[in-house]
Each structure stands twice: as C-alpha cells, then as structure tokens.
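The values are calculated or read from the model by the stated rules, or taken from the named source; none is laboratory data. This structure is a prediction, so every number in the text was calculated from the model and none was measured. Every residue, glycine as well, gets a Cβ built from its backbone with ideal geometry; the counts of neighbours run over all protein chains shown.
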C-alpha cells in the first residue's frame, strides 16, 4: 500500500457535483493498493496513520496524533499512486491491485482506521472525484507497507 497523507485544516470530496465526504482538521489520505498487498498491510497502515504524531502540542512541536487531537480523516482511493512513469509517455498501472482486490483492502483499511478514530469519511471507490483541501503546514508524508 502507498499512502499520501496530508495534514489539513479541512477537506472534501465530490462525486458528480455532490459532496460525499467532508472533514475538518485532520488528514486527507490518498490510498493506493498494490497487487501484492494484504489485510495485514491495510491494518498496519491504518494504525500508523492514527498514531502518527504530526500535530503540534502546546509547545509547537509535532508531538500529537490525529487520534489525540480528535481529528477527522478523509480517505480517497487513488490507484494512480502506483503509476509507473519510467518508460514511455503513458503511465503503467500494472503494480496496482485489480479492482476487486483493491476495494477489499481499501474497505479493510477504512474499517481498521475506524477502530482508532471516530470520524472517518470516504470518497467513492472507482468514481471520478473532485478533492478539495486546505493543506496545514504544509505537512505531506508518504507511507508504504
């Protein structure tokens, strides 16, 4: 799995002009599923995201997790995170999981994240989505398992 995690002040995702996911302070997580990923990968990264200490404490140090600040998370599936652009002019997506497996692990990741956090919103798997965010910091990290 590959995650692009952005600390945000707010974020939303629309499908066909309608908001399907909306959060306040927390994380926007773009999630790509690799063809060799497992349920263990999904659960490990969900826990990692919930406990990652990138929010400021009273001293201004990145020392608090999204769970500790009672933040919110928006998860958006993004198979293009496994686009290989090393050859030619068009990305190859052969490393991305096929849709049935990808949706299974995407849903497992969300389920595991909800075990740690009270507000987890999502986009719609496989849909064309419009994502808006106000990046906070900016803090953007890449996580892989």
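Overview of values
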quantity	calculated
When residues of segment 46-55 are limited to those that are assigned to a strand (DSSP E or B) and buried (at least 16 other Cβ atoms within 10 Å of the Cβ), the one farthest from the chain's Cα centre (by Cα)	55
Within segment 106-115, tally of residues that are within 19 Å of residue 144 (Cβ to Cβ) and out of contact with any strand residue (DSSP E or B) (no Cβ under 9 Å at 6 or more places or on another chain)	2
Options 43, 25, 35; residue that is over 11 Å from the mean Cα position of the chain (by Cα), over 15 Å from residue 140 (Cα atoms), surrounded by 17 or more Cβ atoms within 10 Å (Cβ to Cβ) and at pLDDT 95 or above	43
Residue list for segment 1-22, filter: assigned to a loop (DSSP other than H, G, I, E, B) and surrounded by fewer than 20 Cβ atoms within 10 Å (Cβ to Cβ)	16, 17
Every residue from segment 97-132 that is crowded, with 19+ Cβ neighbours inside 10 Å and part of a strand (DSSP E or B)	120, 121, 122
Residue in segment 67-75 that is part of a helix (DSSP H, G or I) and either at pLDDT 95 or above or loosely packed, with under 12 Cβ neighbours inside 10 Å (or both) present	no
One residue from 30, 64 being crowded, with 16+ Cβ neighbours inside 10 Å, without any contact (Cβ under 8 Å) to a residue 12 or more places away in the chain and either more than 28 Å from residue 104 (Cα to Cα) or touching a helix residue (DSSP H, G or I) at 6+ places or on another chain (Cβ under 7 Å) (or both)	64
Hits in segment 133-145 - residues which are over 13 Å from residue 76 (Cβ atoms) and outside any loop (DSSP other than H, G, I, E, B)	134, 135, 136, 137, 138, 139, 140, 141, 142, 143, 144
Residue count for segment 83-96, restricted to those that are surrounded by 10 or more Cβ atoms within 10 Å (Cβ to Cβ) and part of a loop (DSSP other than H, G, I, E, B)	4
